[in-house]
Amino acid sequence: MAVTPVILCLNRAGEPLAHRLAAFLGAPVHGRENRVLKADAFFPNALDHARDLFSAGTPIIGVCASGILIRAVAPMLADKTSEPPVLSVSDDGAVVVPLLGGHRGANRLAARIAAEIGATPAVTTAGDIAMGAALDEPPAGYRLANPGDAKPVMSALLNGAGLKITGDNIFGLDETGTDVELLVSEAPAQGGDERLVYHPQRYALGLGCARNADPDEMWQLVTHTLAQNNIAPGAIACVASLDLKADEPAMNDVARRLGVPFRVFTAAELDAQTPHLANPSDVVFAEVGTHGVSEAAALAIGGTLHVAKRKTANCTCALTRADEPMTQLAGRSRGRLSVVGIGPGQPSWRTPEVSRLVAQAEELVGYGLYIDLLGPLAAGKKRSDFPLGGEEARCRYALEQAALGKNVALVCSGDAGIYAMGALVFELLDRGPDEHGVSDAARRVEVVCSPGVSALQGAAARAGAPLGHDFCTISLSDLLTPREDILRRLHAAAEGDFVIAFYNPVSKTRRTLLAEARDILLQHRPADTPVMLASNLGRPEEQVRYRRLEDLQVDEVDMLTVVLVGSSNSRLARLGEGPRMFTPRGYARKIDGDLARPANPGALPPDPRSISGKMKKGS
């Protein structure tokens, strides 16, 4: 379990125990508002907050009844191999129950907690009860090569099969026979439903290559080198190289295929390994500032040189070996910037992927209000708040922090790629050195974009289905877009009869463009065209109003309002739950055409009444 757990505390009765566990585990306490006196972060609803943490992949230890956690995460259960540990601890500290993630650290964590507070660990996982070990979760530094075979092997052992251990006894089990085998080896070995193969990760793989080398060429070199030296891919702890190569597709591809971290070093750090190199090169030093890349990078991770540099036309690799599995890695990561949209702000409209990226981030960057909307998910993280109007400084800072090897999340409301920071990030990366771009190191970071619920989508969902046919969005802010361009787009959209979503409709100093937009649209669509005004979407103060286009007034709109204007075909239906706005796509015309068109030449069309009845029944 690599992620620090969160201690959930729901009442004062469990508060002393929650803080004791937090001190023991080095974990934060999240407390229920108005129920808990002291916490690192507070939440209003236990079910929503537990669900949010679970979707982000954060281990949860709830000082509460098990049923609360079960009800919270039950709708999200899918794959036990990827779900984070979830444990409940009774308020009196008598019982620790690992509810989920028994094979991902929950059972071990329950045992640790129980030993610390004198509780009973209520472990129900069959393997842990019968053998005291989960065979599909080896100790840190070891990798199970054939996890798919763990279930039949454990089942056989539970049914009395004898156990043979070959190599290190990493689980501390007793040998009882030869029916099934646990094999620990650095060499490749065939596993199966009678043998589990574990590889100690004692090797570091150093890589070097020409710029934009072919990933297949690099992968073939690596696999050939490992095969020649009888080293299993699972015995590799990490991939390493020069920091100038952090964005090399070939190197990142190897790390991805092996499923290991990619670590990088400065030229000076690598050149310090020159006395230990088997193949130092003055040519390489003149090119990149170090006398070796692949050998030096592997040595910088640790161990002694085991396989000297091997090369192809464009790639090199080398291997070092340590006496013990490598669990603490030197160097730094490539650095990652996650550009995330958190939706309107409420947790239920934030995607699990965004929650996970935020949970993984070391630092959060954004407009302060948007980071605040993350609530407890942002607790304990370094945050760098920027004001409105500081967008370029915000994106530049986020990129440069990621260039230091950090995992940074750039937080935007709605969707980060719709009128937000996504485009500016890539614009900065695309600018040249003399165009106020970013550093070369920033250009080498990994950039991940994750979608969010946009204001456009949120407003449409509240309205009904106004985007059922062609639509467009237009920002009425002339701060970055010339006024003439905005007016040209308004005329084009009006003539095209698009449903239109207006972003940034007004500001304190800009009050005329929305009225001009209304007047332009009235030239092309009816005066009673429905308009929706949606403010503070997804928040407690949410407000939805409907107007006729001719009655749209600027003074009832602010910067937190999305204005949705229907096309000439949009309608406002008066239904039992209130007005619902929708735009037909043309199915009525299609049905009319189907009724008029024979299914085959010479055939009579079907009885319209029967089709009408089916439509009503299925609607």
*Failed criterion for ALA420 (all others in (1) of a type in the set (Gly, Ala, Ser); (2) closer than 12 Å to VAL339 by Cα; (3) modelled with pLDDT of 95 or more hold)*: (3)
*Any chance segment 48-58 includes a residue that's over 23 Å from ARG104 (Cβ atoms), at pLDDT 90 or above and not polar (S, T, N, Q)?*
no
*So, of the residues in segment 387-397 that are closer than 21 Å to SER454 by Cα and hydrophobic (A, V, I, L, M, F, W, C), which turns out to be nearest to the chain's Cα centre (by Cα)?*
CYS395
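Test ARG518 against the criterion of being part of a loop (DSSP other than H, G, I, E, B) and either in the same structural domain as ARG571 (by TED's automatic domain parsing) or of a type outside the set (A, V, I, L, M) (or both), and give yes or no.
The answer is no for ARG518.
Every residue, every condition in (1) surrounded by fewer than 22 Cβ atoms within 10 Å (Cβ to Cβ); (2) within 28 Å of GLU353 (Cβ to Cβ), yes or no:
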| position | (1), (2) |
| --- | --- |
| VAL6 | no, yes |
| CYS9 | no, yes |
| PRO16 | yes, no |
| GLY31 | no, yes |
| ASN34 | yes, no |
| PHE42 | yes, yes |
| ASN45 | yes, yes |
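Look through segment 151-187, keep the residues that are more than 23 Å from ARG202 (Cα to Cα) and of a type in the set (A, V, I, L, M, F, W, C), and return whichever of them is surrounded by the fewest Cβ atoms within 10 Å (Cβ to Cβ). Walk me through how you get there before you give the answer.
Looking only at segment 151-187, we keep the residues that are more than 23 Å from ARG202 (Cα to Cα), and these are 151-164, 174-180.
Right, trim to of a type in the set (A, V, I, L, M, F, W, C) and you get 153-154, 156-158, 161, 163, 180.
Working: VAL153: 25, MET154: 23, ALA156: 16, LEU157: 22, LEU158: 13, ALA161: 17, LEU163: 19, VAL180: 23.
Among them, the one singled out is LEU158.
List the helices (runs of 4 or more DSSP H) that sit entirely inside segment 25-131 and contain at least 1 residues that are small (Gly, Ala, Ser), closer than 28 Å to PHE171 by Cα and not assigned by TED's automatic domain parsing to the domain that holds GLY160. Lay out the reasoning, then the answer.
Values: elements: 46-55, 66-73, 106-117, 126-131.
Counting at least 1 such residues, we get 106-117, 126-131.
Table: residues versus (1) within 30 Å of GLN220 (Cβ to Cβ); (2) buried (at least 24 other Cβ atoms within 10 Å of the Cβ); (3) touching a residue at least 40 places away in the same chain (Cβ under 8 Å); (4) assigned by TED's automatic domain parsing to the domain that holds CYS238.
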| position | (1), (2), (3), (4) |
| --- | --- |
| VAL293 | yes, yes, yes, yes |
| THR312 | yes, no, yes, yes |
| GLY341 | no, yes, yes, no |
| GLY389 | no, no, no, no |
_Under 6 Å between Cβ atoms, which residue pairs at least 6 apart in sequence (or on different chains) link something in segment 151-173 that is in the same structural domain as GLU194 (by TED's automatic domain parsing) and closer than 14 Å to ASP193 by Cα with a partner that is of a type in the set (D, E, K, R) and surrounded by 15 or more Cβ atoms within 10 Å (Cβ to Cβ)?_
PRO152/ASP193; ALA161/ASP179; GLY162/ASP179; LYS164/GLU181
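Could you pull out every one of the strands (runs of 3 or more DSSP E) wholly within segment 308-385 that has 1 or more residues that are modelled with pLDDT of 95 or more and in contact with a Phe, Trp or Tyr (Cβ under 8 Å, 6 or more places away or on another chain)?
On the way: elements: 315-321, 336-341, 363-367.
Correct list: 315-321, 363-367.
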*Hits in segment 67-84 - residues which are more than 15 Å from ASP48 (Cα to Cα) and touching a Lys or Arg at 6+ places or on another chain (Cβ under 6 Å)*: none
*asked:* Being without any contact (Cβ under 8 Å) to a residue 60 or more places away in the chain and out of contact with any strand residue (DSSP E or B) (no Cβ under 8 Å at 6 or more places or on another chain) is the requirement here; does GLN346 meet it?
replied: no
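The values are calculated or read from the model by the stated rules, or taken from the named source; none is laboratory data. The structure displayed is predicted, hence computed values, not measured ones. Please note: Cβ atoms are built from the backbone with ideal geometry, for glycine as well, and neighbour counts cover all protein chains shown.
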